[in-house]
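*Asks:* Structure in structure tokens, see below.
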Amino acid sequence: MLIPVPLIPLIQTHHPSAIESFDRFRAVAQGKLLTVFLDYDGTISDIVSNPDKAYMTDEMRDAVSRVASLYPTAIISGRSREKVYDFVRLPQLYYAGSHGLDIVGPKHDDDEDHVELHQPAPWAPAVMDRVYRWCKEAVSDIPGANVEHNKFCVSVHYRNCEQKWWGAVQDVVHRAVAADPKRLKKAEGRKVFEVKPRVAWDKGKALSFLLGELDLHRRYGYAQGEIMSLYFGDDHTDEDAFHELREVPKECGAGVIVSTVPKPSNARFSVRDPGEVLVFLNKLADLAESGVTKSLCTSVASGKGRLTGGRGEGGGGSDSSGHSSDPVAETNRGRRGEAA
Ligand SMILES: O=P(O)(O)OC[C@H]1O[C@H](O[C@H]2O[C@H](CO)[C@@H](O)[C@H](O)[C@H]2O)[C@H](O)[C@@H](O)[C@@H]1O
């Protein structure tokens, strides 16, 4: 009997729980430096009906802060990065707002400005101003619809609409894109349609850009196999980042999907909700603190790479070529055009 060969690649639907398979995860992560990428809505904050009130808990902020003190950490969100920063308020992180279209580096204190690292569609904010105004007017007679300006893209929400209006909301977004199809495209999220610039850029590309920016090879001497990147996300747009991590050997990268139900995804692990993200983040921090994984401090203190001195030894050391051992300081200095 012939066994039919599937014509389309099979996409995984069931993902082992990151928490239940933690022993397996620990074995793979042992001796590596982790890099941690986090989506915001639905991942480190609960989904709520009013997007302006999607606050993260203090407990979650503490966990993210703890992780960021040990591993390079970034937030990659569909929101404008100013808005997501207002929610997260942790200056030591990298932020990629508007689905990765606006990437900034960490800052040493809250008074400093973020250092811009990459904006692949610099023309988009002016176009989105127009799109925002047009969409706002166009949904004004759709009960419950709400338009959000995310600087490099615009979100049109229908979470608070009765189902009979969902098609009308989608139609507004179709018309907005149809008015400028060479420059605009439509995307979808959780009860939201989005207008985005038509550029070949997404959260996966933002993740790769940030890994390049971190340059852990030059800063600490890590080879590719000594780094493991993790991306946590709950939505369609996070699939681009999960897919990016499928391109690296599985012991070097994994997506973690946040979902209460099994669904097709390029992630390798799952957690059920932001509550489980919190538990997992704290477990990641425990791994570094107990010496199972490398951390930003131990990377320097162990003499890994060419660097000496650093945060673990009072901070701010530099190697013989003048490279700082502090990625935050060095990124900021580099972007300001200052000598290292
Ligand atoms: O990439 P993310 O950080 O997940 O951002 C994606 C969108 O998230 C927000 O909308 C979602 O969360 C809202 C608050 O919980 C919820 O009301 C909405 O239905 C969800 O789609 C945000 O408001 C959007 O701008 C982001 O694009």
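*Asks:* Using the count of nearby Cβ atoms within 10 Å as a rough guide to exposure, how do Asp39, Asp23 rank from fewest to most? Present the calculation step by step, with values, prior to reporting the outcome.
*Replies:* Working: Asp39 25, Asp23 7.
Lowest to highest Cβ neighbour count: Asp23, Asp39.
*Asks:* Straight distance only, please: which aspartates and glutamates reach the Cα of Lys164 with their own Cα at less than 16 Å, same-chain residues fewer than 8 apart left out?
*Replies:* Lys164 reaches Asp141.
*Asks:* Dipole magnitude of the chain about its Cα centre, charges +1 at Lys/Arg Cβ and -1 at Asp/Glu Cβ only, in debye to the nearest 20? Mind dumping the intermediate values first?
*Replies:* On the way: 43 positive and 48 negative charges, 171 e Å.
Roughly 820 debye for the chain.
*Asks:* Long-range amide H contacts for Asp102: which residues qualify at under 5 Å (H placed 1.01 Å from N, peptide plane, sequence gap of 5 or more or a different chain)?
*Replies:* Close amide H contacts, sequence-distant or interchain: Gly97.
*Asks:* Ok, one more. At 7 Å along Cα-to-Cβ for each site, give me the label-to-label distance between Val28 and Asp113 in nm.
*Replies:* So the two model labels end up 4.1 nm from each other.
*Asks:* Okay, moving on. Restricting to Cα atoms and excluding each atom paired with itself, what does the Kirkwood estimate give for the chain in Å?
*Replies:* 21.0
*Asks:* Beyond a 30 Å Cα-Cα separation, which of these cross-linked pairs lie in this structure: Lys250/Lys283; Lys196/Lys283; Lys107/Lys203; Lys186/Lys283; Lys263/Lys283?
*Replies:* Details: Lys250/Lys283 20 Å; Lys196/Lys283 36 Å; Lys107/Lys203 22 Å; Lys186/Lys283 37 Å; Lys263/Lys283 25 Å.
Going by Cα-Cα distance, Lys196/Lys283; Lys186/Lys283 fall outside the 30 Å limit.
*Asks:* Something else: Mind checking the full-extension length gain between Arg130 and Ala223? Use 0.36 nm per residue of separation minus the Cα-Cα distance, one decimal, nm.
*Replies:* So the extension gain works out to 28.9 nm.
*Asks:* Taking the Cα centre of each part, how many Å lie between segment 104-171 and segment 46-83?
*Replies:* 18
Bear in mind these aren't lab numbers, they're just calculated from the coordinates by the rules spelled out. Because the structure is predicted, anything quoted here is derived from the model rather than measured. Don't worry about glycine lacking a Cβ; one is built from the backbone with ideal geometry, like all the others, and counts go over all protein chains shown.
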